[in-house]
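Visitor: Encoded as structure tokens, here's the structure I'll be asking about.
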Amino acid sequence: MTGGIMKLLIVEDDADTASFVRYVLEQERYTVKTAATAFEARGYLKSFKPDLIILDRGLPDADGLDFCRELKLLPRCAHIPVLFLSAAKSPADVVDGFNSGASDYVTKPFGFVELVARVQALLRKPGLTGMRHA
Ligand code: CA
């Protein structure tokens, strides 16, 4: 493992949730950016290459499921794991999340200890930036 600081992008329009998640993940020494809209996230993703994207399903300018599918079709983003953060919590909602290409799905309200554990689990899967063996 080469280590290095992992970078996360949170796409969440609820400012309280975004700042709380950001705070918790910064305590874990991740570099965190937040975007409040899909439009803003698209802009960041032109230059910022996150190791993980945390995505709200209900964005003001996009359905998170559609945005996740969009990311999975972009060559420079397709490999980045997406973790959904959503109040939609029926089994069908969760399945829709995974079928859109997400790697994990956390329902709101969530506990930060569980969120951090899930983020860490996604970031230690082989094949991710910074964790490849030469
Ligand atoms: Ca929302």
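None of the figures in this text is laboratory data; all of them are computed from the coordinates on show. These numbers were taken from a predicted model, which means no experiment stands behind them. Every residue, glycine among them, receives a Cβ derived from its backbone with ideal geometry; neighbour counts consider all protein chains shown.
Visitor: Quote the FRET efficiency, to the nearest 0.05, computed for Asp14 versus Arg69 with a Förster distance R0 of 22 Å and r equal to the Cβ-Cβ distance. Walk me through the intermediate numbers first.
Guide: Numbers: r = 22 Å, r/R0 = 1.00.
Efficiency at R0 = 22 Å is approximately 0.50.
Visitor: Still on this structure, please answer the following. Assuming R0 = 30 Å, can you tell me the calculated FRET efficiency for the pair Val95 and Glu28, based on Cβ-Cβ distance, to the nearest 0.05?
Guide: Calculated transfer efficiency: 0.55.
Visitor: Shifting gears a bit: Determine the equivalent ellipsoid of region 31-76 by diagonalising the alpha-carbon gyration tensor, then write out the semi-axes as square roots of 5 times the eigenvalues, largest first, rounded to whole Å.
Guide: 16, 13, 10
Visitor: Leaving out same-chain residues fewer than 8 places away, which aspartates and glutamates sit with a Cα under 20 Å from that of Lys125?
Guide: Cross-link targets: Glu28, Asp51, Asp104, Glu114.
Visitor: Still on this model: Taking the DSSP beta bridges in the chain as the whole, what percent of them are antiparallel, to the nearest 5?
Guide: Working: 2 of 19 bridges.
Restricted to the chain, the bridges split so that about 10 percent are antiparallel.
Visitor: What value does the chain have for Rg/Rh, both radii from Cα atoms and Rh as Kirkwood defines it?
Guide: 0.93
Visitor: Enumerate by residue number the trypsin sites (Lys or Arg not before Pro) in region 50-100 meeting two conditions: DSSP loop (anything except H, G, I, E, B), and at most 10 other Cβ atoms within 10 Å of the site's Cβ.
Guide: In loop regions of region 50-100 (DSSP not H, G, I, E or B), the sparsely surrounded trypsin sites (Lys or Arg not before Pro) are Arg76.
Visitor: Report the percentage of all Cα-Cα pairs in region 39-110 whose separation exceeds 16 Å, rounded to a whole percent.
Guide: When every Cα pair of region 39-110 is considered, 42 percent fall beyond 16 Å.
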